[in-house]
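A.B. asks: The structure's right below; bear with me while I get my questions together.
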Amino acid sequence: MAEAMRIYFDDTHQVVEGAGAAPLAALWKDRQTMAGKRVAVVLSGGNIERSRYLQVLRGETPAA
């Protein structure tokens, strides 16, 4: 999900929490099967602490 969060930020400049990025993470995991198909995912939820979000963007594993 962290990768999906980074994709959203890099491509759309949207801040999204892990749960909000779950649909894109699922699609990203299955991208070879879904290639060439029309799909939609819902982006929702930007409730994440700044420090935790910065860790995700840097590729660090946030502490639980």
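A.B. asks: Using a 1.4 Å probe on the protein heavy atoms, what percent of the accessible area of the chain belongs to carbon and sulfur?
C.D. replies: After summing per-atom areas, the C and S share lands at 52 percent.
A.B. asks: Still on this structure, I have one more. Computed from these coordinates, which is P(r) over Cα pairs in 5 Å bins from 0, in percent: (1) 3, 11, 17, 29, 26, 12, 1, 0; (2) 3, 18, 26, 20, 12, 8, 5, 3, 2, 1, 0; (3) 4, 19, 28, 24, 14, 7, 4, 1?
C.D. replies: Only one listed value fits the structure, namely (3).
A.B. asks: If you don't mind, there's one more thing I want to ask. Which value at 222 nm does the chain reach when only helices count, each DSSP H run of 4 or more adding -39,500 (n - 2.57), with the total divided by all residues and rounded to the nearest 500 deg cm²/dmol?
C.D. replies: Estimated from H runs of four or more residues: -15500 deg cm²/dmol.
A.B. asks: Relative contact order for the chain using alpha-carbon pairs under 8 Å, separation at least 6, rounded to a whole percent?
C.D. replies: 36 percent
A.B. asks: Counting heavy atoms of the protein chains only and a 1.4 Å probe, report the per residue accessible area for the chain as a whole number of Å².
C.D. replies: For the chain, the per-residue accessible area is 74 Å².
A.B. asks: Give me the number: length gained by fully extending residue 54 to residue 33, i.e. 0.36 nm times residue separation minus the C-alpha to C-alpha distance, one decimal in nm.
C.D. replies: 4.4 nm
A.B. asks: Taking the chain, which trypsin sites (Lys or Arg not before Pro) meet the DSSP loop condition and have no more than 11 other C-beta atoms within 10 Å?
C.D. replies: Those that pass, being in a loop and sparsely packed, are 37, 38, 58.
The values are calculated or read from the model by the stated rules, or taken from the named source; none is laboratory data. Model, not experiment: these values are computed from the prediction. Please note: Cβ atoms are built from the backbone with ideal geometry, for glycine as well, and neighbour counts cover all protein chains shown. These accessible areas exclude ligands, DNA and RNA; they are computed on the full protein's heavy atoms, side chains included. Shrake-Rupley method; radii C 1.70, N 1.55, O 1.52, S 1.80 Å.
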